[in-house]
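Asks: Sharing a structure with you now.
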Amino acid sequence: MEQYHELYPVYQCLAQLAEDALRQALKEQHVTITVMEHRVKTEASLAGKLELKGAKYHSIADVTDIVGIRVVTFYSNDVDKVAAIVNECFQVDWKHSVDKRKLHRLDSFGYNSLHYICRLPKTIVDDPDMPQLNEISFEIQMRTALQHVWSTLDHDTAYKGNVTIPREYQRQFKRLAGMLELIDDEFSRLRNVLTEYRRQMLALEASGQLDEVDLNAETFRRYLEMHPFARLNERIAAINQAELYPVPMMPFFRVLQKLGFETLGDVNRLIEEYSDDAYRLAISQLGTTDLDILSENIGVQNLCFVYVLKRGGGPAELCQIYDWLNGYDSSNMELAKELFLQAQKITPD
């Protein structure tokens, strides 16, 4: 305990240096975590540990968890990623490190942390006035958010006080632990599946196989980055030599879905097959006006209008588009009726 008091300032410095170094390394590798925290074991905690296990320690250097860092990840496979970065960042004592995930016990879920015993290399700190910074071991615990929450709940609920928990309740805890472990694994599996799906969609988009790309918010957002409506917008703007100003285009994702489009190939065909009709509708709208500022959604909006009209739709169907875009309003029907009349003026091919 005397050694502990003498070294306490070193422990505090070591804890902060180790956390800062690991946090920077994770940032450089773009690894997202939910929590990182460090602590120096309190005097009472160390005294309690020595009372229980004092025979195994010959000096304060043998107590390797006085300084501890906990890293909590969102996904179980990120624990291994963090571990690899810890191995690159610090000197790992493999003999005293332990992977508690290999216990494979039903009731061990909340304690399935990966524990590394580490030291700071001189590449991180080399202070002649405090050489102990490179000599003292510290512990890094790595676990998932669900494991972290479960260990806290389990300790607080199952081990609080001196009353023995009936076997019936112990069994329920073990069942819950098994369920949470399954959920933890499923979250990681689902993330891997979604990552692979995104890769496939990006590859299909890059190869032009848009018929195989489902229309959803993410694929439509990326599709908009290709500026698919730009050519039609420029044709329409040229009617009055108008200026185009940017507006959000994502609201039309919902409209396209409501109209029955299922893939990006469907949207691409809409542009290819109906752009001339959408341009002629714009002429009927703008030809007798002097509007010189138009929003960039004019092209996709007119494409949706002519798509409905070419399928025999009338004011009621056009009104639906206004409702989807702007929310229900009694004035939407008046706009739809006016648009329907303008569409009648389009000169057929």
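The values are calculated or read from the model by the stated rules, or taken from the named source; none is laboratory data. Predicted, not measured: the structure shown is a model, and the values here were computed from it. Cβ placement follows ideal geometry from the backbone for every residue including glycine, while neighbour counts extend to all protein chains displayed.
Asks: Can you list residue pairs whose Cβ atoms sit under 7 Å apart, with the first residue in the stretch 287-306 being of a type in the set (Phe, Trp, Tyr) and the second being in a helix (DSSP H, G or I)? Count only pairs 6 or more apart in sequence or on different chains.
Replies: Once the first residue is of a type in the set (Phe, Trp, Tyr) and sits in the stretch 287-306, its partners that are in a helix (DSSP H, G or I) give Phe305/Leu281; Phe305/Leu318; Phe305/Ile321; Phe305/Leu339.
Asks: Is it true that Gln132 is modelled with pLDDT of 75 or more, in the same structural domain as Ala84 (by TED's automatic domain parsing), surrounded by 14 or more Cβ atoms within 10 Å (Cβ to Cβ) and part of a helix (DSSP H, G or I)?
Replies: When the stated conditions are applied, Gln132 passes them.
Asks: Confirm whether Met249 is assigned to a loop (DSSP other than H, G, I, E, B) and in contact with a Phe, Trp or Tyr (Cβ under 9 Å, 6 or more places away or on another chain).
Replies: yes
Asks: Go through the stretch 172-226 and give me each residue that's charged (D, E, K, R), more than 30 Å from Leu264 (Cβ to Cβ) and surrounded by 13 or more Cβ atoms within 10 Å (Cβ to Cβ).
Replies: Lys174, Glu181, Asp184, Asp185
Asks: Looking at the stretch 227-266, which of its residues are surrounded by 16 or more Cβ atoms within 10 Å (Cβ to Cβ), closer than 30 Å to Asp290 by Cβ and among the β-branched types (Val, Ile, Thr)?
Replies: Of everything in the stretch 227-266, those that are surrounded by 16 or more Cβ atoms within 10 Å (Cβ to Cβ), closer than 30 Å to Asp290 by Cβ and among the β-branched types (Val, Ile, Thr) turn out to be Ile236, Ile239, Val255.
Asks: Of the numbered conditions (1) in a strand (DSSP E or B); (2) within 25 Å of Lys122 (Cα to Cα), Thr64 fails exactly one; give the number of that condition.
Replies: (1)
Asks: Could you check how many residues of the stretch 135-154 are within 15 Å of Ser113 (Cα to Cα) and either at pLDDT below 85 or among the aliphatic types (A, V, I, L, M) (or both)?
Replies: Residues flagged as within 15 Å of Ser113 (Cα to Cα) and either at pLDDT below 85 or among the aliphatic types (A, V, I, L, M) (or both) within the stretch 135-154 amount to 11.
Asks: Please find, within the stretch 113-127, the residue that is nearest to Cys89 (Cα to Cα) out of those that are buried (at least 16 other Cβ atoms within 10 Å of the Cβ) and hydroxyl-bearing (Ser, Thr, Tyr).
Replies: Here the residue is Tyr116.
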